[in-house]
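The values are calculated or read from the model by the stated rules, or taken from the named source; none is laboratory data. What you are looking at is a predicted structure, and each value in this text was computed from that prediction instead of being measured. Cβ atoms come from the backbone with ideal geometry, glycine included; neighbour counts cover every protein chain shown. We work out accessible area using only protein heavy atoms, side chains counted, and drop any ligands, DNA or RNA first. Shrake-Rupley method; radii C 1.70, N 1.55, O 1.52, S 1.80 Å.
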Amino acid sequence: LQQMLVSIPAETKTHFELASFTEQALFEDVLKYIVPYMDSLGMNEQELPNLYSMLHGGKITLISDSSPRVATVLDHMRKVWATLQKADSAGSKRRLSRLHVHTLAFQAIMTKKGSGWKNTMSAAAKASLTANRHVCGSPEIDLGKAVVLMDESFSTSRQEGSSRIPFKENRPVSCWEEYDYEICIAPVLVCTEVRHTAGGGDNISSAGLVLQI
């Protein structure tokens, strides 16, 4: 697999969708042989803290918040981003330029400026709508079977003095720039009549990817 990843042309974007790893040795191999060759990573609210724990403590964590705050997710994303940006870029290895975290309540996409990833706002919106359609098992959005779990505003970080961004009904996807990357947050219309759960992460991530390549 590593040899195949090495052979992929640099101009071809690569993406890896994380899973719920519980075996430490397997996750260590993923971090060693796969992640360094990825341009983009996708994960849910349980997989993000697991990745963070492995990168910063070398251990798997089996405990995570099923309904994390936006600020907590963004802080973890920033730290994962910074760590993987510092990874060795010699040879055929790539530097991460996109992170997508899909939670029950919202979508968060971080993209590096000038990296070639486009339409981040639209990608976050499509991923959000796909989450509802997949779970409800319907191509149409039925507002009678959906609820927004996000608050009226959210903090961009847990650090004291961080800014708050209000939720706007007429422009629900919020985007802003920090350092060398852009962040977009989209609320999810959470389906209240669940029909499908399997394959949700893959469908949501691919919906976001298709508008950015």
- Residue check: is residue 130 more than 13 Å from the chain's Cα centre (by Cα), more than 24 Å from residue 179 (Cβ to Cβ), assigned to a helix (DSSP H, G or I) and polar (S, T, N, Q)? yes
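This table checks each residue for (1) more than 21 Å from residue 156 (Cβ to Cβ); (2) open to solvent by 30 Å² or more (accessible area, probe 1.4 Å).
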position	(1), (2)
52	no, yes
61	yes, yes
66	yes, yes
73	no, no
97	no, no
105	no, no
129	yes, yes
Next item on the list: Kindly check whether there is at least one residue in segment 166-175 that is modelled with pLDDT of 90 or more, within 17 Å of residue 107 (Cα to Cα) and open to solvent by less than 30 Å² (accessible area, probe 1.4 Å).
Entry: yes
Going through segment 164-208 in order, the residues found to be in contact with a helix residue (DSSP H, G or I) (Cβ under 7 Å, 6 or more places away or on another chain), closer than 18 Å to residue 100 by Cα and part of a loop (DSSP other than H, G, I, E, B) are 173, 188
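Here's the yes/no breakdown for (1) under 26 Å from residue 198 (Cβ atoms); (2) out of contact with any Asp or Glu (no Cβ under 6 Å at 6 or more places or on another chain); (3) modelled with pLDDT under 90:
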position	(1), (2), (3)
95	no, yes, yes
106	yes, yes, no
113	no, no, no
129	yes, yes, no
133	yes, yes, no
137	yes, yes, yes
144	yes, yes, yes
Those residues of segment 45-81 which are modelled with pLDDT of 90 or more and either small (Gly, Ala, Ser) or on the phi > 0 side of the Ramachandran plot (or both) amount to 53, 71
Inspect all residues belonging to segment 106-124 and state whether any of them is hydrophobic (A, V, I, L, M, F, W, C) and in contact with a Pro (Cβ under 7 Å, 6 or more places away or on another chain).
yes
Per the filter on segment 184-199, residues aliphatic (A, V, I, L, M) and either open to solvent by 80 Å² or more (accessible area, probe 1.4 Å) or touching a Cys at 6+ places or on another chain (Cβ under 7 Å) (or both) are 194, 198
Note on segment 11-33: residues farther than 19 Å from residue 103 by Cα, among the hydroxyl-bearing types (Ser, Thr, Tyr) and open to solvent by 50 Å² or more (accessible area, probe 1.4 Å) are 12, 22, 33
Inside segment 145-163, the number of residues satisfying the requirement of being of a type in the set (Gly, Ala, Ser), on the phi < 0 side of the Ramachandran plot and assigned to a loop (DSSP other than H, G, I, E, B) is 3
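So that you can scan it fast, the table gives a plain yes or no per residue for (1) closer than 15 Å to residue 208 by Cα; (2) not polar (S, T, N, Q):
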{"residue": "67", "(1), (2)": "no, no"}
{"residue": "95", "(1), (2)": "no, yes"}
{"residue": "105", "(1), (2)": "no, yes"}
{"residue": "119", "(1), (2)": "yes, no"}
{"residue": "123", "(1), (2)": "yes, yes"}
Note on segment 142-160: residues open to solvent by less than 80 Å² (accessible area, probe 1.4 Å) and out of contact with any Leu (no Cβ under 8 Å at 6 or more places or on another chain) are 142, 144, 145, 150, 151, 153, 154, 155
